[in-house]
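Here's the structure we're looking at; comments come further down.
The values are calculated or read from the model by the stated rules, or taken from the named source; none is laboratory data. In this text, all values refer to a predicted model and were calculated from it rather than measured experimentally. As a convention, Cβ positions derive from the backbone with ideal geometry for all residues, glycine included, and neighbour counts pool all protein chains shown. Heavy atoms of the whole protein, side chains included, go into the accessibility calculation; ligands, DNA and RNA do not. Shrake-Rupley method; radii C 1.70, N 1.55, O 1.52, S 1.80 Å.
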Amino acid sequence: MTKIRLDSGVSTSASLALEPLASKLYASPGIRIVGVVELRHTERLQPAPETDKEPVVKLQVSALELARDDQEDSLRRAMRALFMHRTARGTIDEDGQVELSERTLELAAGELHSLEAARLHTALSHWADYAHRVLHTENITHTELLHELKALVDGLDSALFRDRGDDGEGGVDGD
C-alpha cells in the first residue's frame, strides 16, 4: 500500500497564513486551529522491485487559509459533512430501499441534506459494486447481461425514487 507523508516545508503563501499565529501557537501547547488546506504532490518514491519497502507519496501544504474564531464552527460543520459523505454506509433492502447504518445516521444528525447525501452515496456504492461484479462475470450470456442491466437500472431508479413503469420511459419531470 502506498504511504503518504507530509513534507515539513510549506509554501510561502501557507507560511504567511500561519505567521500571525506563531506567538499564540507557542503560548498555547495543544491548541487546535481550523483552516482550509490545499495539498500539492511534490515527490514520489518508488522502491526497487523485490524490496520490502512501500511506495511513498510526499505532499506539501501549498495553500492555507485559517478561520477566525467566528468562522471555526462553519468549517467544522463542513469537515463533518465531508467526512460523512466519504464514510456513509448502509445496505439495500429486498425492496431496493437504502437503510443507512446507525453510525451514518448519527453523523447526519437529522439534517435532511446530510441524510440524502448519505443515502445516495450508499446506493451508488452498492450499485457500482454490483455493476463491477457483473462486468467481471465470465461467460455471461446476452440474456443474463440484459437481466443484470435491468436490475442495475431498477436499483438506480429506486435510489432516485423514480418509477419508469413497464415501458422504461417516464421518470421525474418526463425525463
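Applying the criterion of being assigned to a helix (DSSP H, G or I) and small (G, A, S) to the residues of segment 106-136, the residue that is farthest from M84 (Cα to Cα) is A131. Please determine, by comparing only the residues of segment 64-84 that are charged (D, E, K, R) and either outside any helix (DSSP H, G or I) or open to solvent by 100 Å² or more (accessible area, probe 1.4 Å) (or both), which one is farthest from T2 (Cα to Cα). Only one residue fits best here, namely D70.
Candidates I4, I31: the one that is of a type in the set (A, V, I, L, M), part of a strand (DSSP E or B) and surrounded by fewer than 14 Cβ atoms within 10 Å (Cβ to Cβ) is I4. When segment 117-147 is filtered for residues that are of a type in the set (K, R) and either open to solvent by less than 100 Å² (accessible area, probe 1.4 Å) or on the phi > 0 side of the Ramachandran plot (or both), only R119 remains. Scanning segment 1-38 for residues that are closer than 19 Å to K58 by Cα and either without any contact (Cβ under 8 Å) to a residue 24 or more places away in the chain or of a type in the set (D, E, K, R) (or both) yields K3, R5, D7, S8, T12, S15, E38. Of everything in segment 123-175 that is closer than 20 Å to L100 by Cβ and in contact with a Ser or Thr (Cβ under 9 Å, 6 or more places away or on another chain), the residue that is modelled with the lowest pLDDT is A159. Of the residues making up segment 96-116, those that are open to solvent by less than 50 Å² (accessible area, probe 1.4 Å), under 18 Å from the mean Cα position of the chain (by Cα) and not hydrophobic (A, V, I, L, M, F, W, C) are S101, T104, S114. Applying the condition of being part of a loop (DSSP other than H, G, I, E, B) and under 30 Å from A81 (Cβ atoms) to segment 137-162 and asking which residue is nearest to the chain's Cα centre (by Cα) yields L160. For T42, the conditions (1) hydroxyl-bearing (S, T, Y); (2) closer than 30 Å to F161 by Cα; (3) part of a strand (DSSP E or B) all hold with the exception of (2). Residue pairs whose Cβ atoms lie under 9 Å apart, sitting 6 or more positions apart in sequence or on different chains, and linking a residue in segment 59-78 that is free of Cβ contacts under 8 Å to residues at least 40 places away in the same chain to a partner that is part of a helix (DSSP H, G or I), are A67/D73; A67/S74; A67/L75; A67/R76.
Would a scan of segment 41-63 turn up a residue that is at pLDDT 90 or above, within 27 Å of R77 (Cα to Cα) and open to solvent by 50 Å² or more (accessible area, probe 1.4 Å)? Within segment 41-63 (the criterion being at pLDDT 90 or above, within 27 Å of R77 (Cα to Cα) and open to solvent by 50 Å² or more (accessible area, probe 1.4 Å)), the answer is yes, since at least one residue qualifies.
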